[in-house]
1. Restricting attention to the range A:52-84, which residues are crowded, with 23+ Cβ neighbours inside 10 Å and within 16 Å of ligand 2 (Cβ to nearest atom)?
2. Going residue by residue through the range A:55-69, is there one that turns out to be in contact with a Lys or Arg (Cβ under 7 Å, 6 or more places away or on another chain) and of a type in the set (Ser, Thr, Tyr)?
3. I'm trying to understand the selection: among the residues of the range A:22-40, which are at pLDDT 95 or above and open to solvent by 40 Å² or more (accessible area, probe 1.4 Å)?
4. For the range A:18-37: of the residues being within 14 Å of ligand 2 (Cβ to nearest atom) and either part of a strand (DSSP E or B) or more than 17 Å from the chain's Cα centre (by Cα) (or both), which is farthest from the other protein chains (Cβ to nearest Cβ)?
5. May I ask you to verify whether A:Gly87 is touching a residue at least 60 places away in the same chain (Cβ under 8 Å) and surrounded by fewer than 16 Cβ atoms within 10 Å (Cβ to Cβ)?
6. Filtering the range A:43-91 down to residues that are within 16 Å of ligand 1 (Cβ to nearest atom) and of a type in the set (Lys, Arg), which residue is farthest from the other protein chains (Cβ to nearest Cβ)?
7. Here are the criteria: (1) more than 14 Å from chain B (Cβ to nearest Cβ); (2) open to solvent by 30 Å² or more (accessible area, probe 1.4 Å); (3) not in a strand (DSSP E or B). Tell me which single one A:Arg136 does not satisfy.
8. Would you please list the contacts, defined by Cβ atoms under 8 Å and residues six or more apart or on different chains, that run from a residue in the range B:156-167 that is within 13 Å of B:Leu193 (Cα to Cα) to a residue that is loosely packed, with under 14 Cβ neighbours inside 10 Å?
Amino acid sequence: MERLLEVTDLSAGYGAVTVLRGVDIHLDAGESIGLFGPNGHGKTTLLKTISGLIRPTAGAIRFSGNDITKARPSNIVNAGLIHSPQGNTLFGDMQVHETLELASIAKRAKGGSRKNLKSVFELFPRLEERRTQKARTLSGGERQMLSIGCALMCVPKLLMLDEPTLGLSPRLKKELAAAVGDIAKSGVPLVVVEQDVEFLMALTDRLYMIEHGEVVREIDKANAPDHEEVMKLYFGEVSH
Amino acid sequence: MIDTLIATLVSGLVLGSLYALMASGLSVVWTTLGVFNFAHGALMMIGAFLAWTLVEPVGLPLPVGILCGALGAAALGIVIERLLVRPYYGNRNMLLITVMTTLAAMIIMEKGAQMIWGARLKQLPRLIDGEISIASATISAHEAVMILLAPLVLAAIWAFTVRTNIGRSLRAVGQNQDSAALIGINVPFAFALAFGLSAALAGLTGALLGSIRFITPAMGADPLTKAMIVVIFGGLGSLGATAGAAYLIGLIEAILVLWLGLYWTPFVLFLIMIVVLVFRPNGIFGGNQ
Ligand SMILES: Nc1ncnc2c1ncn2[C@@H]1O[C@H](COP(=O)(O)OP(=O)(O)OP(=O)(O)O)[C@@H](O)[C@H]1O
Ligand SMILES: [Mg+2]
């Protein structure tokens, strides 16, 4: 089976600080994966490296049959690998509709811009109500919606979401989780980073647990469907 | 009395147009890259010399010369970005380093112009000959063209950065480079585009100014200083604020020249700016962020 994403022996960091140490993950066509693990252990760094914001110091990344290890972020977006970053503040002075329209600047997204904008507004009616509001004045939940909306405007072939429900009230969290579920159901494969393992189990087929910049465990839903068991693994690992 | 007033107003408008064209270019680079381009005045001078070379020795029509002056300056601006600004992206001291590198570019261009074109004063013909009388004040038709052109150019830049995705990408890159890259914006291209556009504006201004002032290697120094005052005075960033500040400063300068004479005008102008910045650190039109 063709692999949509294949990360091999990836190392990366910030200047002299190494964060990722030989990470191997992959995503087969037709599946979604989740990443979880304690705070500050490299999940965000992994996504940033995949999307080209950080240059890896070793290893390789292949997407949809092409080597993208050294590709520029804009080219990676144009290939369809889209990353909605954690706590995204986007562009403070830019209005909601401007931001969404701008997100279709990549060649792959240009043509369908109008149609995609309509479906983003269908998914998040709240964004349409606030279409002329500046991003700076949006609430945390609305920003998260705008960020995911931007990712959808790019027409993702694979969508990476970094903690899409971080810091949201339980009600908003449910709303966003439902929207992400809709995106998955529409056939877009996902890479989701979340602390909430239950949420991840419902959304994805396999989980990777990341600790100290390494994959320490891979959990297939078919083998470990019991979420309590996963939690046991999780906390067992964290509190050495 | 009324005559002097109208004459002052008109001369303030001409200065305001000049400053608006210069300052908007400076502001495009500032909002996209967070860099102050000290070579902006020298790029203006290059635009004037290029236009002069094509019009006088070569004999092309003036509009062609002006256009080529703007394009030539744009090309040079892109080269400056590539060689002297791009290597320092992501550097913590980028702002200070690029002050030095763009100052170096300014000196190289000024000395280069001196070597190529010599020190003899040059001047371009006017776009339109003749004079226009407004009430009892007269200005040259060429100055009238500048007064009309400046708001058009500003409106075009505004429309570009608000209505088109390429133009919006400049604003996006200026506000959040990582997020811009993640929605598919080619960040290095946006940087080059901002520098090219800004330099084109400088070149255009120089070629227009070359008909009413002498073209010399140092002709960009004073417009650069004024453009910097305008950009800071207006509150860094917004195009509308920059334009407003340009006309305000042009007018103040014209009034000061009438009232105090050329000698004291720069001094009082700076004094006004310092006082304004004490009370409104974000500029006269800037928000309180
Ligand atoms: N720009 C940076 N410069 C230096 N170190 C950084 C930078 N960004 C992150 N780090 C460090 O890299 C490590 C991994 O951070 P990362 O953001 O990848 O963790 P994470 O697993 O996503 O955490 P969280 O669950 O809190 O989002 C942390 O120790 C962090 O302090
Ligand atoms: Mg993170």
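The values are calculated or read from the model by the stated rules, or taken from the named source; none is laboratory data. Since this is a predicted model, take the numbers as computed values, not measurements. So basically every Cβ, Gly included, is an ideal-geometry build from the backbone, and we count neighbours across all protein chains shown. Each accessible area value is taken on the protein alone, full model and side chains, heavy atoms only, with ligands, DNA and RNA left out. Shrake-Rupley method; radii C 1.70, N 1.55, O 1.52, S 1.80 Å.
1. Matches in the range A:52-84: A:His83, A:Ser84.
2. Among the residues of the range A:55-69, at least one is in contact with a Lys or Arg (Cβ under 7 Å, 6 or more places away or on another chain) and of a type in the set (Ser, Thr, Tyr), which makes the answer yes.
3. Within the range A:22-40, just A:Asp24 meets the criteria.
4. A:Phe36
5. Here the answer is yes, as A:Gly87 does meet what is asked.
6. Here the residue is A:Lys43.
7. For A:Arg136, the failing item is (1).
8. B:Gly167/B:Ala159
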